[in-house]
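Any read-out appearing in this document is the output of simple, stated calculations on the displayed coordinates, not a laboratory observation. Just so we're clear, the structure is a prediction, and the values are computed from it rather than from any experiment. Neighbour counts are summed over all protein chains in view; Cβ atoms, including those assigned to glycine, are modelled from backbone coordinates with ideal geometry.
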Amino acid sequence: MSSTVLITIISLSLLALMSAVILYFIAQKFKVYEDPRIDEVQAILPAANCGGCGFAGCRNMAEALVKADNFEGLICPVGGAPVMNEAARILGKIAPVIDPTVAVLLCNGSPEFRPRTSHYNGASDCRISNSLYIGETDCSYGCLSNGDCERACAFDALHMDQVTGLPMINDDKCVSCGACVKACPRHLIELRKKAKKDRKIYVACSNCDKGGPARKACKVACIGCSKCFKVCEFNAITIKDNLAYIDSKKCTFCRKCATECPTNAIIELNFPPRKPKVEVEAETIDRQY
Amino acid sequence: MLKTFPIGGVHPPENKLTATIPIEYLPVPESAIIFVSQHIGSPSVPVVNKGDSVKTGQVIATGKGFVSANIHSSVSGKVNRIDFATDSSGYKQTAVFIDVEGDEWIDTIDRTKGISRDVKLSPDEIIKRCFDSGIVGLGGATFPSHVKLTVPTGKRCEVLIINGVECEPYLTSDHRLMMERGEEILTGVTILMKALKVKKAMIGVEKNKPDAIVHLTKLASSFEGITVHPLKVKYPQGAEKQLIKALIHREVPSGRLPLDVGAVVHNVGTAFAVYEAVQKNKPLFERVVTVTGKSLSKPGNYMVRIGTSLIKLIEAAGGLPNDTGKIINGGPMMGKAVSNTEVPVIKGMSGVIIVPGKESVREEIKPCIRCAKCVSACPLNLEPYLLMALSEKGLFERVEKERITDCMECGSCSFTCPANRPLLDYIRLGKSSVIKMARERNLK
Amino acid sequence: MSNLLNVSPSPHIHGKELTQKLMLTVVVALIPAFITSVFYFGFGAIIVTTTSVTSCLLFEYLIQRFILKKPISITDGSALVTGILLAFNLPSNIPVLMIVIGSFAAIAVAKMTFGGLGNNPFNPALVGRVFMLISFPVQMTRWPVPKGFGTGYLDAVTGATPLAVIKEGLKNGEPLSQLMDKVPTPAQMFLGNMGGSIGEVAAVALLIGFVYLLIRNVITWHIPVSVIGSMAVFTTILWLVNPEKNADPMFHILAGGVLLGAIFMATDYVTSPMNPKSMIIYGCGIGILTVIIRVWGSYPEGVSFAILIMNAFVPLMNAYIKPKRFGEVVKNG
């Protein structure tokens, strides 16, 4: 090897060694002690950084979990029970029981049921159209169809249906982070308790007007007639401000309310078809003779 | 060189179709719906009940607190109910519904013809009369006038500025008032000068109303301390801060009031209402509304009772044309589009514009080309492209630093943008979010 | 929709200016320069311009249609303007393939990768030109001598530009007074009878375009005036200090691509600052940098680099240099 090459190798190696030593000491001097458990917990969190827990990113949530005495009020909606249980195991704490939830739109006002009475021509943003006027229909509570919820969803779980103008929620992709709930200026989206086989039963209306104007604006509006309330045996239904509400935690999915509702405001999803009524009278007559 | 404001401004086509049409009095309607909140400040409290008989000019709702205004019945008849009614946005507000019978006025109103120029009331009595008569700013802002006339201790009013600019296209109600009721307006100005204890009043009128300038200048020669100033035609010359800058070359500091530079501004329509309130004891229950539009058969300037349905106004103008695409309450730059025609006339309704279909739809939005025309157009030297971008992304803390709350929503930026971007839509969103955020911060 | 009322937030009327109209006005303002370019450089000018425009439009169409799958927006005129301006920065004897490559650099790399119209930080035409200069240094520095339609295309006779003559001459130690006899007179340079890129030679045509753009309210005076003004001041100082080494300001302004750069390239909406204060600082930066590169750098011409360097500072200027707001309370002390 020529002397130039040798000198080059030696000098660069010395430089590298010096830099390594200096950087090592600097790193030690300015080191911030971090509980190693924070890294452990962060590793089992979903790394979606969606903010559904209320913290700015999964690392902040991991820090909060490590620092907290108990997991009261700390839930990762994306990871759900498996992740919370694992975190509890790592930290030696108890994870509260969480009911998985899913986002549901409390409005069914497609053009078929809720006729359009004007045409909105401003910026395509629900917050803007909501503060401007009641919307393209006569219902001042219903969905404005401008897609703020779709834009807020980071999990590709919510898409505006072009025909109905309402957001369609994909139950498999929805992680219940709550971004769409915050985004809707009319507070139409709710996180409801998930049931087996993705069954849902809910009042698909948020209209607080009296029955007359509500029905005039939309054929499937809740008119606050209280028939559902009277028939529910489980105290799951409350009526407030001319609007019925089904508590998803108390509901047993018996579907009696849906049958009673005169305007079909209550929606039932993913249930088997109802058995048709059996012809009882003819048989009884036969048996008498 | 005509006076004007130096920064920003745009030149929308004037379309003053009704500038030469004299004011026509519309007949009393068959029913009236009178909102209890037609002004900035606390909504008024109804003082009548279902079944009560009311007379024209009678108080039906009293102002609550200092920044509020009385509401008077514009008709005589029976109160049908006090209930919710939809305003021009479709949302519901409390209103007094009156079934009209005849047109009997309260006997305290002086109905004699003839102009009385002798102002007998003291300044404090004038301010009280303005409050009692429900006078609010009739330029469209509807700010209670007695509040503007009450100068707080420590501040001083040096000059009264009267806004006869009417810079919005299409609107001509102020123009016609100046032509037909000039002497009453100038007497009203004298009353306001007395209330504010100033010796100087300056009336600003845009150059596109030469007949009004000539007429008022001639009348002003017989009044003390009132001068008329022609101004260059540029939108928004009628904005308070721009008018003050053009006439007395002072800039109202950000977040402060005109009184901080020694000025108080009132609209000519308000001056006329003050004249009627002080000299004739007539409260505010009717106003001139310009009903205009290229397809209307009988556009004009109509004196109409508050609470009359918009449908009646449109009928008087010849009926709603078949090609109507949009109905605007106010001017085309700052007015509100109406979603249903059954809204009643309110104190702040200066005009109704019927827009034909093809002109009523916005063009397609294109990407921002960073041409900075919005920056040159903004009369307050803000940066609309930045305010929109930050508001759209929800960066409200940053947009607050960019002075978004200074924005007066004049619309010059959206008007100018070559890419048809909805700048003002998002700026409004940003403004309301910043105000909400600041309020929550102050509560902590 | 026929009998439903339209509802939208105010304002309900719109001015007449549109993006497409603004771009087409710029094209019209460039017509005098195009006419002079054909007058001096003949077919070469026509071939270079049409190739550049066609490739720019084609690349934008192909990328939007097949790669980005976004709506096609070639009709907004921005690619057309980029194509023309790129062409005006090239010598009239540049081969077609090189122009296509330059257009690719301009549209695909400098504009579409950043998100299309409105998102690019650097002037696309200048990026294309500088890319070609670095990739094809020989072809990009051979300038045809203007002979009208006798110039020819690829076979054109080439000579040095006035700036190159001065630069080379000073390097060889020749006195400036002697060199100034070898370059065209100011009058000749004003009309355009000199070597250079096809768009930069005729000062008179560019100034007509400038006046037209000002009248039609497409650009404001701030950037061109501050570029040319700062250059004038700086070169005057240098010329007064040492008239034997530094040419006079009139020469500097009329030679090279200063006028083309100041009027058409530096005023590009997307890459220039958004308020008057920043525009003046931007213009002065370009002027000063151009002179520095011309006098102390190794390239004879520095406008393209100066503009690109100042383009990099524009986001910073937009963020920190704010216009004085109406009623801004200026804090004392």
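What to note about this one:
- Among A:246, A:223, A:90: highest mean-square fluctuation, GNM of chain A, C-alpha pairs under 10 Å: A:90
- In sequence order, calculated HN-Hα J values of segment C:163-172 (Karplus, 6.51, -1.76, 1.60; Hz; x Gly/Pro): 5, 5, 4, 5, 4, 5, x, 5, 4, 7
- Relative frequency of Cα-Cα separations exceeding 25 Å in chain C, percent: 53
- Percentage relative contact order, segment A:36-91, counting C-alpha pairs under 8 Å, at least six apart: 39
- Residues whose amide H falls under 5 Å from that of residue A:202, counting only those 5 or more places apart or on a different chain, are A:267, with hydrogens built in the peptide plane.
- Within straight-line reach of residue B:241, meaning a Cα separation under 17 Å, sit the following lysines at least 8 residues removed in sequence or on another chain: B:3, B:148, B:232, C:324.
- Candidates B:354, B:311, B:365, ranked by Gaussian network fluctuation over chain B, Cα under 10 Å, top entry: B:365
- For the protein assembly as shown, the share of DSSP beta bridges that are antiparallel, to the nearest 5, is 70%.
- GNM flexibility winner over chain B from B:138, B:386, B:313 (Cα, springs under 10 Å): B:386
- Whole-Hz ³J(HN,Hα) from phi, Karplus 6.51 cos²θ - 1.76 cosθ + 1.60, for segment B:368-379, glycine and proline x: 5, 9, 6, 7, 6, 5, 5, 5, 5, 7, 5, x
- Alpha-carbon Debye profile of segment A:101-269, log10 I(q)/I(0) at 0.08 Å⁻¹: -0.23
- In segment A:53-106, the GluC sites (Glu not before Pro) that fall in loop regions by DSSP, at most 11 other Cβ within 10 Å: A:72
- As a length-normalised measure over Cα pairs under 8 Å and 6 or more apart, the relative contact order of segment B:373-443 settles at 38 percent.
- Kirkwood Rh, angstrom, segment C:19-139 [1 / mean 1/r, Cα pairs]: 14.3
- Relative contact order of segment A:131-289: 19 percent, from C-alpha pairs under 8 Å at least 6 residues apart in sequence.
- What the Kirkwood sum gives for segment B:123-280 is a hydrodynamic radius of 15.3 Å, with every pair of different alpha carbons counted.
- Distance histogram for segment B:29-174 (every C-alpha pair counted, 10 angstrom bins, percent rounded to whole numbers): 10, 31, 37, 19, 3
- Volume of the convex hull of the protein assembly as shown (Cα atoms only), normalised per residue: 298 Å³.
- Cut-off under 5 Å, modelled amide H: who pairs with residue B:56 long-range: B:76, B:104, B:105, B:106
- Per the Cα gyration tensor, segment B:26-100 maps to an equivalent ellipsoid with semi-axes of 19, 15, 11 Å, ordered largest to smallest.
- For segment C:268-316, fraction of C-alpha pairs farther apart than 14 Å, in %: 47
- Members of B:294/B:436; B:373/B:401; A:219/B:326; A:210/B:294 lying beyond 29 Å, as alpha-carbon distances in this model show: B:294/B:436; A:210/B:294
- Taken one residue at a time, the phi angles of segment A:34-44 give Karplus couplings (6.51, -1.76, 1.60, θ = phi - 60°) of 10, 3, x, 5, 4, 5, 4, 5, 4, 5, 8 Hz. Gly and Pro are set to x.
- Of all DSSP beta bridges confined to chain B, the antiparallel ones make up roughly 60%.
- The convex hull built on the alpha-carbon positions of segment B:276-315 has an orientation-averaged projected area of 3.2 nm².
- Residue exposure sequence - C:166, B:213 - by fewest surrounding Cβ within 10 Å: B:213, C:166
- Taking amide H positions as modeled 1.01 Å from N, with prolines and chain starts lacking one, the residues under 5 Å from residue B:10 and 5 or more places away or on another chain are B:235.
- Fewest-first ordering of B:23, C:263 by other beta carbons within 10 Å of each residue's beta carbon gives B:23, C:263.
- Using the empirical formula 2.2 N^0.38 Å as the baseline, the Cα radius of gyration of segment A:36-91 reaches a ratio of 0.95.
- Shape of chain B, Cα gyration tensor, a/c cut at 1.5: rounded
- When each of B:105, C:296 is scored by the number of other beta-carbon atoms lying within 10 Å, the sequence from fewest to most is C:296, B:105.
- Based on alpha carbons, the Rg and Dmax found for segment C:158-320 are 15.7, 48 Å.
- For chain A, the ratio of Cα radius of gyration to the globular rule of thumb 2.2 N^0.38 Å stands at 1.51.
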